[in-house]
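First comes the structure, then the notes that go with it.
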Amino acid sequence: MFIEPHLGGRQENERTGWIEVICGCMFSGKTEELIRRLNRAIIARQKVEIFKPVIDKRYDHGKIVSHNENAIRSTPVDFASDILLLAGNCDVVGIDEAQFFDEAIVEVCNTLANTGKRVIVAGLDMDFEGKPFGQMPNLLAVAEFVTKVHAICSRTGELASFSFRLADNDEQVMLGEKGEYEARSRKEFMEGMKKRNHSR
């Protein structure tokens, strides 16, 4: 279980910042864990700013919403650099669906952490083909803390870390919900991909 490091009571220019990354497949609880950490920071009376890519409109335009329908207010932004402009003098920055941001997201997170902020990022580590997704590998490399969460395989009930796309769509970015993706174990994912490729 992840234990949040203490941000400390020093002035902002004296604080040590850091990056936390929460990663995993679809339905693994990434956003749930992000919301939990951000709510704890709010309870601790820290100043929190939360961002998500404007492309993510699945549940609510102005909130981050988990598949379990837990929600927290957020600011949708078009570009990663917008986060620097809007973060202000907060203590904690939350970022959801980081895989959808442009390549500047890594520099943005580093800049925020270098100025003493706690940066909590959630995102898919792999796309529907099981390949590293967007800038997530680079965020994992620079983070002080990495939490990989897992789902339950929809076919076997085993541990799942792959997102299998049910829809016949080869675009890397396709926002999905239940009915469009399944969480699968490695074996079930590989078998599903073989069947998909064989049918084409």
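The values are calculated or read from the model by the stated rules, or taken from the named source; none is laboratory data. As the structure is a computational prediction, the values presented were derived from the model and not from experiment. All Cβ positions, glycine included, derive from the backbone under ideal geometry; neighbour counts span all protein chains shown.
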Can you name the residue in the range 131-155 that is over 13 Å from the mean Cα position of the chain (by Cα) and among the β-branched types (Val, Ile, Thr) and, of all such residues, is nearest to Val21 (Cα to Cα)? Val142
Of everything in the range 95-112 that's among the aliphatic types (A, V, I, L, M) and out of contact with any strand residue (DSSP E or B) (no Cβ under 7 Å at 6 or more places or on another chain), which residue is nearest to Val65 (Cα to Cα)? Ile105
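In contact (Cβ under 8 Å) with a residue 24 or more places away in the chain and either surrounded by 21 or more Cβ atoms within 10 Å (Cβ to Cβ) or touching a helix residue (DSSP H, G or I) at 6+ places or on another chain (Cβ under 6 Å) (or both), is that true of Ala71? Show your work before the answer.
Details: in contact (Cβ under 8 Å) with a residue 24 or more places away in the chain: yes; either surrounded by 21 or more Cβ atoms within 10 Å (Cβ to Cβ) or touching a helix residue (DSSP H, G or I) at 6+ places or on another chain (Cβ under 6 Å) (or both): no.
In short, no.
Does at least one position in the range 108-122 carry a residue that is surrounded by 22 or more Cβ atoms within 10 Å (Cβ to Cβ), outside any helix (DSSP H, G or I) and not hydrophobic (A, V, I, L, M, F, W, C)?
yes
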Confirm whether Ala167 is without any contact (Cβ under 8 Å) to a residue 40 or more places away in the chain and surrounded by fewer than 16 Cβ atoms within 10 Å (Cβ to Cβ). yes
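Scan the range 88-115 for residues that are closer than 15 Å to Trp18 by Cα and touching a helix residue (DSSP H, G or I) at 6+ places or on another chain (Cβ under 8 Å) and report the count.
Matching residues across the range 88-115 total 13.
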Members of the range 108-156 that are among the basic types (Lys, Arg) and without any contact (Cβ under 8 Å) to a residue 24 or more places away in the chain: Lys131
With the requirement that a residue be under 18 Å from Gly24 (Cβ atoms) and polar (S, T, N, Q), what does the range 81-127 give you? Gln99
Output the number of residues of the range 21-34 satisfying the condition of being surrounded by fewer than 24 Cβ atoms within 10 Å (Cβ to Cβ) and either of a type in the set (Asp, Glu) or under 19 Å from Asp91 (Cβ atoms) (or both). 2
When you check Phe51 against the structure, is it of a type in the set (A, V, I, L, M, F, W, C), part of a strand (DSSP E or B) and either at pLDDT 95 or above or farther than 16 Å from Val119 by Cα (or both), yes or no? yes
